[in-house]
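Novice: Below is one structure. I have some questions about it.
What follows draws every value from the coordinates through simple rules; no lab data is involved. Note that the structure is predicted; figures quoted are calculated from it, not measured. Ideal geometry is used to build each Cβ from the backbone, glycine not excepted, and the neighbour counts take in all protein chains shown.
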Amino acid sequence: MKIDNKVIIITGASSGIGKATAHKLAENGAKVALMARSEDDLNDLKTEIEKNNGKALVVVGDVTKSEDFESVVSKTKEEFGAVNGLINNAGLMPLSFVEKLKTDEWNKMVDVNIKGVLNGVAAVLPELKANKGGNIINISSMAAHRYFPGGAVYCATKAAVKMFSEGLRQELAPKYGINITSIEPGAVATNLTSTITDEDVKEQMEKMFEMEALEAEDIANAIYYALTQPNRVNINDVYIVPSEQQ
Ligand SMILES: NC(=O)c1ccc[n+]([C@@H]2O[C@H](COP(=O)([O-])OP(=O)(O)OC[C@H]3O[C@@H](n4cnc5c(N)ncnc54)[C@H](OP(=O)(O)O)[C@@H]3O)[C@@H](O)[C@H]2O)c1
């Protein structure tokens, strides 16, 4: 599949993996709809993409609000005429040990990392069905495969995303030609650790990131690979980790 002129919505496009993916897809001819809450960062990204002759639309929105997703879909259709794919990338990782009972942070992770993905699927599915195909790519994590310190809730959210992706694939790919991919990165050098408030975990995470982590562009390349396969090929899972990570 060529992504030339395909219209792809990217959540969490204001930084890290989402931003790198927006650049990669736009450089290769896709029209990208950029969703996140940080309007200035999205506008800067749109300017950068357009400087390179790409096409981008900014739609400020919060993935926990289904009405924001509906507005992203309708504005994207208005601007670009269709929706061909969704990258469910927005996420946060305020790791903490369970006994600290940081229940607000647990709930935020469930809301963004799980419910945000569900909201995205609900918003784009009617469009993809009407188009008789498309792609949904969910950013899960190595955390879906194994627990790491402070990650009880985060790992659970990412395991949910991985299994939801498999359910989506089985229900949607054979029937509608909608291909589904779960991307499961190990450590990537982004701002993801910035929401950690548990000092005990923070120290351990800083140590972990002393190794050579992946770059956001490495994940963008994996997403591009999954998106550019022929329609008969469904890339189910991409488990991609730094060579140095155990
Ligand atoms: N970095 C890693 O090591 C790693 C490893 C495995 C998986 N991942 C996953 O990769 C994804 C991207 O993370 P990243 O590493 O690129 O981190 P990041 O640089 O912190 O980016 C997170 C993005 O999510 C957006 N976001 C957060 N809450 C949101 C909300 N309620 N509504 C809309 N957007 C929201 C943020 O934008 P705003 O704040 O502007 O809304 C930001 O653009 C996440 O799902 C993360 O779990 C990362």
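Novice: Looking at I183, I235, I223, which one is more than 18 Å from P149 (Cβ to Cβ), within 13 Å of the chain's Cα centre (by Cα), touching a residue at least 12 places away in the same chain (Cβ under 8 Å) and outside any helix (DSSP H, G or I)?
Specialist: Result: I183 is the single residue among I183, I235, I223 that is more than 18 Å from P149 (Cβ to Cβ), within 13 Å of the chain's Cα centre (by Cα), touching a residue at least 12 places away in the same chain (Cβ under 8 Å) and outside any helix (DSSP H, G or I).
Novice: Might you let me know whether region 187-204 holds any residue that is surrounded by 16 or more Cβ atoms within 10 Å (Cβ to Cβ) and in contact with a strand residue (DSSP E or B) (Cβ under 7 Å, 6 or more places away or on another chain)?
Specialist: Yes, region 187-204 contains at least one residue that is surrounded by 16 or more Cβ atoms within 10 Å (Cβ to Cβ) and in contact with a strand residue (DSSP E or B) (Cβ under 7 Å, 6 or more places away or on another chain).
Novice: Now for a different question. Restrict the check to region 224-236 and report whether at least one residue is surrounded by fewer than 14 Cβ atoms within 10 Å (Cβ to Cβ) and within 16 Å of the ligand (Cβ to nearest atom).
Specialist: No, region 224-236 contains no residue that is surrounded by fewer than 14 Cβ atoms within 10 Å (Cβ to Cβ) and within 16 Å of the ligand (Cβ to nearest atom).
Novice: Restricted to region 186-214, and to residues that are in a helix (DSSP H, G or I) and acidic (D, E), which residue is nearest to the chain's Cα centre (by Cα)?
Specialist: Top of the filtered list is E206.
Novice: Scan region 140-158 and give yes if some residue there is touching a Gly at 6+ places or on another chain (Cβ under 7 Å) and either part of a helix (DSSP H, G or I) or of a type in the set (A, V, I, L, M) (or both), otherwise no.
Specialist: yes
Novice: Next question. Need a quick list: helices (runs of 4 or more DSSP H) entirely within region 1-113 having at least 1 residues that are touching a Pro at 6+ places or on another chain (Cβ under 9 Å).
Specialist: By residue number, 16-27, 66-80, 103-109.
Listed here are the residues, each with its yes/no results for (1) touching a strand residue (DSSP E or B) at 6+ places or on another chain (Cβ under 9 Å); (2) more than 26 Å from R232 (Cα to Cα); (3) within 6 Å of the ligand (Cβ to nearest atom).
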| site | (1), (2), (3) |
| --- | --- |
| K6 | yes, no, no |
| I9 | yes, no, no |
| I17 | yes, yes, yes |
| A22 | yes, no, no |
| A26 | yes, no, no |
| A36 | yes, yes, yes |
| E39 | yes, yes, no |
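Novice: Another question about this same structure. Please go through region 166-222 and give me each residue that is more than 30 Å from P126 (Cβ to Cβ), among the aliphatic types (A, V, I, L, M) and within 13 Å of the ligand (Cβ to nearest atom), ordered by number.
Specialist: A187, V188, A189, L192, I196, M205, M208, M211, A213, L214, A216
Novice: Right, something else. Go through region 116-137 and give me each residue that's surrounded by fewer than 16 Cβ atoms within 10 Å (Cβ to Cβ) and either within 15 Å of the ligand (Cβ to nearest atom) or within 18 Å of the chain's Cα centre (by Cα) (or both).
Specialist: A122
Novice: Considering only region 89-99, I want to know if a residue exists there that is free of Cβ contacts under 8 Å to residues at least 60 places away in the same chain and either β-branched (V, I, T) or within 16 Å of the ligand (Cβ to nearest atom) (or both).
Specialist: Among the residues of region 89-99, at least one is free of Cβ contacts under 8 Å to residues at least 60 places away in the same chain and either β-branched (V, I, T) or within 16 Å of the ligand (Cβ to nearest atom) (or both), which makes the answer yes.
Novice: Cβ contacts < 7 Å: first residue within 21 Å of E78 (Cβ to Cβ) and in contact (Cβ under 8 Å) with a residue 12 or more places away in the chain, restricted to region 38-66; second residue in a loop (DSSP other than H, G, I, E, B) and not polar (S, T, N, Q), any location; separation 6+ or different chain. Result?
Specialist: Pairs that qualify, where the first residue is within 21 Å of E78 (Cβ to Cβ) and in contact (Cβ under 8 Å) with a residue 12 or more places away in the chain and the partner is in a loop (DSSP other than H, G, I, E, B) and not polar (S, T, N, Q), are L42/A13; L45/A13; V60/R37; D62/R37; V63/A90.
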